[in-house]
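Data block below; observations after.
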Amino acid sequence: MIRVNAVLVALLVLCALAVIQSQHRARTYFVELERLKKEARVLDEQWGRLQLEQSTWVNPARVDMLARRQLGLVSLAPERLRVETLMPDRPRAGSAAQERTP
């Protein structure tokens, strides 16, 4: 009977140690999770600031102003401007489009 009690006490102590260890691990993981959530919030704020900065840098009016001021670029005179449009390939002689006409 004493042997059975000793085994049961040993099992009880082992179970208690396992519970303590699992609680400690859970607390450690919770602290790590909270730290990562805080880091994610900081990164989200930084992402928002970077998007705002990017929208400022690519503003067409700002790019135009910098091109004129720093690079000395000027607008092209309208008489020197030529706009080309791309047309799809025209059907060739003897193609199916011409054969359909009676």
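The values are calculated or read from the model by the stated rules, or taken from the named source; none is laboratory data. Here the structure is a predicted model, which is why all the values come from computation and not from measurement.
General remarks:
- Matching residues in the range 1-55 - criterion: being outside any helix (DSSP H, G or I) and of a type in the set (Asp, Glu): none
- Within the range 68-80, being at pLDDT 90 or above and either among the polar types (S, T, N, Q) or in a helix (DSSP H, G or I) (or both) holds for Arg68, Arg69, Gln70.
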